[in-house]
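Structure first, then comments.
The values are calculated or read from the model by the stated rules, or taken from the named source; none is laboratory data. Remember, it's a predicted structure, so these values are computed and weren't measured experimentally. Cβ atoms come from the backbone with ideal geometry, glycine included; neighbour counts cover every protein chain shown.
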Amino acid sequence: TTRTPMFLGIDETAGFLPSSAAESDIIIGVLDTGVWPEIKSFDDSGLGPVPSSWKGECEGGTNFTAANCNRKLIGARFFSMGYEASAGAINETDEYKSPRDDDGHGTHTASTAAGSQVVGASLFGYAPGSARGMATRARVAVYKVCWKGGCYNSDILAAMDKAIEDGVNILSLSLGGASVDYYGDSIAVGAFAATENGILVSCSAANAGPAPFSLSNSAPWITTVGAGTLDRDFPASVSLGNGKKFSGVSLYHGDPLPGKLLPFVYAGNASNVTGGNLCIDGSLDGEKVKGKIVLCDRGVNARVDKGAVVKAAGGAGMVLANTALQGEELVADAHLLPATSVGQKSGDAIKTYLFSDPNPTATILFQGTKVGVEPSPILAAFSSRGPNPVTPEILKPDVIAPGVNILAGWTGAAGPTGLPEDSRRVEFNIISGTSMSCPHVSGLAALLKAAHPTWSPAAIRSALMTTAYTAYKSGGQLIDAATGKPSTPYDHGSGHVDPVSALNPGLIYDANTDDYLNFLCALNYTPSQINTVSKRNFTCDSTKKYSAGDLNYPSFAVPLSGSKSSVKYTRTLTNVGESGAYKVSVSSPDSVKVSVEPQTLSFTTMNEKKSYTVTFSAPAAMASGTNMFGRIEWSDGKHVVGSPVAITWS
Amino acid sequence: AAATKKTYIVHMAKSQMPASFRHHAHWYDSSLKAVSGSAEMMYVYKNAIHGFSARLTAKQAKYLENQPGVLSVWPEMKYQLH
């Protein structure tokens, strides 16, 4: 990626990052749509031999042989039996039955996590710079589990099974399914085994925001990643015939619009079908849009599909307007015709002009790439939100990372829009999603693992979470694009990752398999359900009182009710820094008393553990669904070990 | 409709494997064959879960659930890229 290493502070590595030798021992397994191995992001120049621990393979198939792997891309496998059993045999003239990437998504995520540095990268000149993965020297192993017809969990499980055997250190999954109990979720079950084997599993939180309870991959042994913006934009403004101008974004590259105002029409008024405003295939009247700029509303079909529909109908350009669902969040696309995306407020104002002027006109001005945009990051409106739909006592997502307008490697088999009619081929593409933020965290976790080889997956996640930030350097809390207001821990979890701070967190909240088994007991899972998740007979102690909230997690989610107005949680901190005394500070919501005991924790040796309790007490019951937020921080003056608190009444 | 086969993921309690089986895959196969002589395993899992996936009718899947050592039988689910 370009820009994100700088945005995350890992572009200047001296004194912070692990040695390149340690980093090159780390293997990131990426379950996705495969890989396009020929792009420069998978160049292995300067990398030493493949780690001796590696047991993986480079499997051959359609247009892919073992020769496509090298010392960067050290493994490539594909899993299609489940897909073919459900969707029919793969037509190898239409789809690569091999690790080769038909789609681009897998190449993008793999190169984001661990791509080699590529000088002079851009998409049509947009987002120019040196592109690199987060862990440039880590190795990549690709497990293709997603096909043109989807991703099936029998294949996903097979890939996780093999990745564990192959010896990956990090697993990156930018995919998910419905939220169900952990024993019915293949990713949760596979991730449990991976975690037990010391593998950190990083998963995308999903793109179902801003609705609450919209998360995927919410098991506490998974690192769940939401998405935020960078300080980069691709401005493309709309000028109207009345002289007014509105900002938008675009990655359009091609013939410009004529240097004059063009007739402008609302798609809903250029269609005879219900929902014509959405520019769905076949919905536009060619007579009414020919040679005009068309305003389409977001929703139902893909953004780039709308551009293709306008182009096919003879439109000259498109303005794509957000609805309340997306708010002011601007996601740029490499449309096939001159087009720009505008926020809801601008869209509403433009529509007012369209409906009031008998002869509306407009043009679009494309202004390239702008950096230094503030405030940033802003939480993406699409980023899925808590509360955790499966276990309300575990706050999710865990962190947010860059996931909006991310440039990274792309397949040679599809154009940047992914549309069949897009014959353009690019080495880099700019796309958005929690799919893009997840491999950022996977790569950063690889850096932490290289720097601290003995740390458990929980320790690495803890370091990322407790050092994440929730406020801008210039002041003010992180903003949510969906509302324009400060986001909450249910939106951003512990906050935006800060990898340089995460390398030296001071203290960590560790957890091991026994802790997760006790957590499963707290969920009242039956022995059979626990066995399904953990592959072992485990008997919960009937004399012991288990509490899901007592899992040694680096954040706090506290469900309260009329009958349960006080909750006590216990946590244990492990010293991973110098000796010192940490003092607690609490910011609690007005209606809830948060008390921590003891208030000081002194550590004298490395790996020393100290426990504390937190009591959340609400003097008065609140209406069901009421959320309140706070924060608990431990600091020795050098480190700040922060935990968000989310309290919800039911 | 009753004869339509779908993919199922079968979780097994490996600790319950009878001593007469030398390898867990043989036990899985035997459990599967007990409900369908023609059914074949797609994947045998050993690290992520203990179990296997196979194509079964809904009735066979229900029957398999009651076989000794079978923890759970889950129908195939489709996941999405994010």
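Within segment A:17-27, one or more residues are modelled with pLDDT of 95 or more and not in a strand (DSSP E or B). Where residues in segment B:1-28 are over 22 Å from A:G190 (Cβ atoms) and either within 14 Å of chain A (Cβ to nearest Cβ) or in contact with a strand residue (DSSP E or B) (Cβ under 9 Å, 6 or more places away or on another chain) (or both), which of them is surrounded by the fewest Cβ atoms within 10 Å (Cβ to Cβ)? Of everything passing the filter in segment B:1-28, B:T4 is surrounded by the fewest Cβ atoms within 10 Å (Cβ to Cβ). Identification of strands (runs of 3 or more DSSP E) wholly contained in segment B:14-82 with 2 or more residues that are aromatic (F, W, Y) yields B:41-45. Among the residues of segment A:305-327, write down those that are assigned to a loop (DSSP other than H, G, I, E, B) and either free of Cβ contacts under 8 Å to residues at least 40 places away in the same chain or crowded, with 20+ Cβ neighbours inside 10 Å (or both). Hits for segment A:305-327 are A:A313, A:G314, A:G315, A:A316, A:N322, A:T323, A:A324, A:Q326.
Reported count of residues in segment A:47-85, each being assigned to a strand (DSSP E or B), of a type outside the set (V, I, T) and in contact with a Lys or Arg (Cβ under 7 Å, 6 or more places away or on another chain), is 4. In segment A:211-225 there is no residue that is surrounded by fewer than 24 Cβ atoms within 10 Å (Cβ to Cβ), closer than 30 Å to A:A85 by Cα and facing chain B (nearest Cβ under 9 Å).
None of A:L200, A:L173 is within 11 Å of chain B (Cβ to nearest Cβ) and within 26 Å of A:A463 (Cβ to Cβ) except A:L173. For A:A236, the conditions (1) within 14 Å of chain B (Cβ to nearest Cβ); (2) over 30 Å from A:N552 (Cβ atoms) all hold with the exception of (1).
Residues in segment A:514-532 that are assigned to a helix (DSSP H, G or I) and of a type in the set (A, V, I, L, M, F, W, C) were compared, and the one that is farthest from A:G549 (Cα to Cα) is A:I530. If you go through segment A:176-191 and keep only what is more than 9 Å from chain B (Cβ to nearest Cβ), under 20 Å from the mean Cα position of the chain (by Cα) and surrounded by 24 or more Cβ atoms within 10 Å (Cβ to Cβ), you end up with just A:A188. Please specify each residue of segment A:86-129 satisfying the condition of being of a type in the set (G, A, S), touching a residue at least 40 places away in the same chain (Cβ under 8 Å) and assigned to a strand (DSSP E or B). Correct list: A:A121, A:S122, A:A127, A:G129.
Any residue at all in segment A:493-503 that is within 14 Å of another protein chain (Cβ to nearest Cβ), within 18 Å of A:A458 (Cα to Cα), part of a helix (DSSP H, G or I) and of a type in the set (A, V, I, L, M, F, W, C)? Scanning segment A:493-503, I find no residue that is within 14 Å of another protein chain (Cβ to nearest Cβ), within 18 Å of A:A458 (Cα to Cα), part of a helix (DSSP H, G or I) and of a type in the set (A, V, I, L, M, F, W, C), so the answer is no.
Does B:V73 satisfy the criteria of being touching an Asp or Glu at 6+ places or on another chain (Cβ under 8 Å), more than 9 Å from chain A (Cβ to nearest Cβ), under 30 Å from A:A205 (Cβ atoms) and surrounded by 18 or more Cβ atoms within 10 Å (Cβ to Cβ)? So that I can check it myself, show each step before the final result.
Details: touching an Asp or Glu at 6+ places or on another chain (Cβ under 8 Å): yes; more than 9 Å from chain A (Cβ to nearest Cβ): yes; under 30 Å from A:A205 (Cβ atoms): yes; surrounded by 18 or more Cβ atoms within 10 Å (Cβ to Cβ): yes.
Yes.
When A:V331 is tested against the conditions (1) under 17 Å from A:A236 (Cβ atoms); (2) free of Cβ contacts under 8 Å to residues at least 24 places away in the same chain, the lone failure is (2).
Quick grid of which residues meet (1) modelled with pLDDT of 95 or more; (2) buried (at least 18 other Cβ atoms within 10 Å of the Cβ); (3) in a loop (DSSP other than H, G, I, E, B):
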position	(1), (2), (3)
A:R536	yes, no, yes
A:N552	yes, yes, yes
A:G562	no, no, yes
A:K583	yes, no, no
A:S591	no, no, yes
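Would you check if there is a residue in segment A:153-165 being under 25 Å from A:E329 (Cα atoms), touching a residue at least 40 places away in the same chain (Cβ under 8 Å) and either small (G, A, S) or away from chain B (no Cβ under 12 Å) (or both)? No, every residue in segment A:153-165 fails to be under 25 Å from A:E329 (Cα atoms), touching a residue at least 40 places away in the same chain (Cβ under 8 Å) and either small (G, A, S) or away from chain B (no Cβ under 12 Å) (or both).
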